[in-house]
1. For a protection proxy built on the mean count of beta-carbon atoms within 10 angstrom, sort 304-316, 108-120 highest first, please.
2. With only alpha-carbon pairs counted, each pair once and no self-pairs, how large is the Kirkwood hydrodynamic radius of the range 362-509 in angstroms?
3. Once phi is turned into ³J(HN,Hα) by the Karplus curve 6.51 cos²θ - 1.76 cosθ + 1.60 with θ = phi - 60°, what whole-Hz value does each residue of the range 383-398 show in order, with x for glycine and proline?
4. Amide H of E486 versus every other amide H placed in the peptide plane: which residues, excluding those fewer than 5 positions away on the same chain, fall under 5 Å?
5. Can you tell me the convex hull volume per residue for the range 201-341, based on C-alpha atoms, in Å³ to the nearest whole number?
6. Of K261/K300; K410/K549; K419/K466; K381/K421, which pairs sit farther than 23 Å apart, going by alpha carbon to alpha carbon?
7. I'd like the antiparallel share, as a percent to the nearest 5, of DSSP beta bridges with both residues in the chain.
8. When the gyration tensor of the range 67-186 is built from Cα positions, what are the square roots of 5 times its three eigenvalues, in whole Å, from largest to smallest?
Amino acid sequence: MADTLEVDVHDVQPLLSSSERDYLVRNNGDQVAISTLKGKKVGLYFSASWCPPCQRFTPNLVAISTLKGKKLGLYFSASWCPPCQRFTPNLVDIYNELVVKGDLEIVFVSADEDEESFTGYFSKMPWLAVPFSDSETREAVDKCFKVSGIPHLVFLDESGKLLSDRGVEIIGEYGSDGYPFTPERVKEIKDQEEEARKNQTLRSLLETPSRDFVIKANGDKVPVAELEGKTVGLYFMLSTFKRSSDYTGTLVKVYDELKAKDCNFEIVMIPLDDDEELLKKELDNVPWLSLPFKDKKCEKLVRYFELSTLPTVVIIGPDGKTLHPNVADAIEEHGVNAYPFTPDKFAELEKIEKARLEAQTLESVLVSGDLDFVLGKDGVKIPVSDLVGKHILIYFSAHWCPPCRAFTPKLVETYKEIKSKHDAFEVIFVSSDRDQTSYDEYYATMPWLSLPYNDKRKQSLSRTFKVNSIPLLVALGPTGKTITTEARGLVMLHGAEAFPFTDERLAEIEAKFADMAKGWPDKLKHDLHDEHELVLTRSQGFMCDKCDKEGTIWAYNCEDCNFDLHPECALEKDEKDKGKPNEGWVCEGDVCYKAS
């Protein structure tokens, strides 16, 4: 959405009233004359009780509605909407913070389907609402502001001029700092953050006007000034996220080792939990410092460092500048050897990693102490040494994972086809299942080898191949070196044709596909889609909009309209032969090409 808006001015009186009603209602049944909104800035809240974002968002609006001399916010929401339910509580906090400003009113415009749901949802809102019974006005307001999805929040100034129709987005990203929620305020915030980056210090990152300290597990305060001159890791932590909570143990070990070596290093946790008890429990188990629970800086730092994944450990150097945006993987892979996280250190680690990859063998990947075997289908232990010299696929997967269950049959089909032609080939299943029974049931669907359930080698394999999500399929060559960690996509696209998954083989496949398209026009017009030209495009998968069958490899595509045709369907003869395949075309599976 553009940052600028056309200047729309709305007369609040006729907008929110009807011929039978000149008032709005509060959740206690009180009626408030619409005329009292004159001269106030108003927000219209489109919401409903079924809507989780509305539920998260609505509480933040609570305090805003009690202000005087106000802008008007129209909040469109509904109780049945999961996004509304998740968003409404966040807005409660924002609202309570902004109540002291005294210049905003909110009007709830419900999308609920019955009065009981409306009443239950509205009971959480201390602001005003268009009565549920006045569906005509609610529909008219929806139409006026072109509400196509909820939660939706628009703001009008005292004169009825549209300030912003991005209230939910702005509040979600900037919280109360986004007030008065205009494009101009968003630009101002972005400019301030850019200036802050230029003049960044540890104190500017961690302190607020009312707080110049971080806390210990026991609640003791430690001045941020005492951390200046140290290398500081900002650990963004969400204890309810398993990957994040699992990582904490690794970080504790590295932290303790660095402190034992008297390294000038500290960690400050940036807690993202909504439950204060969870934070207290987390602090009881870690040796480092933390920002206070729900401190304003937590959200600001998430935005400032453009947090996109967990775990994240941002490194701030002794000069207060950012050394690295996330060393979580480096710490997990190299431990204390990643310290002090400087560019020179990472260049050194890169050389070490390159040397390790060059020296990688199947045994170095799969053997750990006396764990020098994998399991066959009959449960027999097969020495890793028996697999040396073979092409190996390592399959990280789990029964509880829907994408894994969807991919496994395709891999089984591919495995059997490759195995029928190349005996020196094997797949090894590495399970992320949550119990032995799930592992047993899932492995029963697979014809290949496996690591035992809960095998400790899984952790080292996950680090080696940087397994952050499943399913993941890693291809190793006969020497044991990694060919690719993206074999899943190759199997999905090419099946057994992708074997042995090398760059050379992929080049052969690409050459075959290029030859397939020789003589086809790069662009064409088609009667089924005469608005735009269709462009010959490589595609991993599509549904043909003419024959309704799946296709891969090549498509005639309109990106603007998401329209696709098989080459055969696109190049059929016109006029009297229209609808009949061209002579000289051959179709195999989902691909049609000219016969040689």
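The values are calculated or read from the model by the stated rules, or taken from the named source; none is laboratory data. On a predicted model such as this, the values are computed, not experimentally measured, just so you know. FYI the Cβ positions are ideal-geometry reconstructions off the backbone, even for glycines, and counts take in every protein chain you see. Remember, those area values only see protein heavy atoms, side chains included, never the ligands or the DNA or RNA. Shrake-Rupley method; radii C 1.70, N 1.55, O 1.52, S 1.80 Å.
1. Values: 304-316: 18.0, 108-120: 20.5.
Put in order of decreasing packing, that is 108-120, 304-316.
2. Working: mean 1/r = 0.0653 Å⁻¹.
Answer for the range 362-509: a Kirkwood hydrodynamic radius of 15.3 Å.
3. Per-residue couplings from phi come out as x, 4, 4, 6, 9, 4, x, 9, 7, 10, 10, 9, 10, 8, 7, 7 Hz.
4. The answer is A475.
5. Values: hull volume 14.2 nm³, N = 141.
Hull volume normalised by residue count: 101 Å³.
6. Details: K261/K300 33 Å; K410/K549 19 Å; K419/K466 27 Å; K381/K421 25 Å.
With Cα atoms farther than 23 Å apart: K261/K300; K419/K466; K381/K421.
7. Values: 58 of 89 bridges.
Taking every DSSP beta bridge within the chain, about 65 percent pair in antiparallel fashion.
8. Working: eigenvalues 94, 50, 39 Å².
Semi-axis lengths for the range 67-186 are 22, 16, 14 Å.
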